[in-house]
Amino acid sequence: MSLPTEETDNPTDTPLKSSSRERKLTEKGQEMHDQDVKKREKTFKKAYNAWKLVARETRTKLKTLCSLEDLNKLHEDIQAKYGAVKLQYESILRNSDTTPEIVKKMDACGMLTKEICDLISNRLETIDEDYNDQLEKERVREILNKNEYGSVFGLTKTETA
């Protein structure tokens, strides 16, 4: 014996009607939301600037002879700073709209971190070979180009570029 099925006015294939009222924050709520957005952006910029400092230092160090330990430390440092920037970026994405400036910074951060890690990996693979100072400097200058990434490495004209 089977139980009778209960018929409803709303078949399962049609969605339930939700309110058509647009959600709008109160004045105080909007003020608090704006403060929260500014706080998140400030935290992102702080993490980004810390990453940028490490990226600059890494670029400089990669132009010199580095030991295996130095290269591993550079890799860990740049990855850790990238992770911190990414965490703040994801927080902004979850809680508010992002600005083109922040998206641009995050894109540059991701691309440069990958290029720096690739350079470090390349150096780790060739660590046992003879070190060519001039070749390494040129490789770093070519891949981590100041003209392309001036906002990170600075656009100042120096003798060593």
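How would you rank 45-51, 35-41, highest first, on the average number of other Cβ atoms within 10 Å across their residues?
Per-residue mean Cβ counts within 10 Å order the peptides as 45-51, 35-41.
How much length, in nm to one decimal, is gained on full extension between residue 90 and residue 72, taken as 0.36 nm per residue of separation minus their Cα-Cα distance?
Length difference between fully extended and current span is 3.8 nm.
Taking 0.36 nm per residue of separation and subtracting the Cα-Cα distance, what length does fully extending residue 125 through residue 37 add?
Length gained, residue 125 through residue 37: 27.3 nm.
Give me a comma-separated list of calculated 3J(HN,Hα) values for region 23-32, in order, Karplus coefficients 6.51, -1.76, 1.60 applied at θ = phi - 60°, integers in Hz, x for any Gly or Pro.
Using θ = phi - 60°, the values come out as 6, 9, 6, 6, 4, 5, x, 5, 4, 5 Hz.
Between residue 134 and residue 114, how many nm apart are label points set 7 Å from Cα along the C-beta direction?
Placing both labels 7 Å along Cα→Cβ, they lie 3.3 nm apart.
What are the ³J(HN,Hα) couplings of region 95-105, residue after residue, when phi is run through the Karplus curve with 6.51, -1.76, 1.60 and θ = phi - 60°? Round to Hz, x for glycine and proline.
Whole-Hz 3J(HN,Hα) from phi for region 95-105: 10, 6, 6, 9, 9, x, 4, 5, 4, 4, 5.
Which aspartates and glutamates does residue 137 reach when only Cα atoms under 20 Å apart count, and residues fewer than 8 places away in its own chain are ignored?
Here the aspartates and glutamates satisfying the reach criterion relative to residue 137 are 57, 69, 70, 115, 118, 125, 128, 129, 148, 159.
Any chance you could run the full-extension gain for residue 56 through residue 97? It's 0.36 nm times the residue separation minus the Cα-Cα distance, nm to one decimal.
11.8 nm
Sort 93-103, 73-83 for me by packing, meaning the mean count of neighbouring Cβ atoms within 10 Å per residue, highest on top.
Listed from highest to lowest mean packing, they are 73-83, 93-103.
What is the diffusion coefficient of region 35-153 in µm²/s, taking the Kirkwood radius over Cα pairs and the Stokes-Einstein relation at 25 °C with a viscosity of 0.890 mPa s?
162 µm²/s
Where a number appears in this text, it was derived from the coordinates with a stated rule and is not lab data. Predicted model, so just to flag it, every value in this text is computed and none were measured. Please note: Cβ atoms are built from the backbone with ideal geometry, for glycine as well, and neighbour counts cover all protein chains shown.
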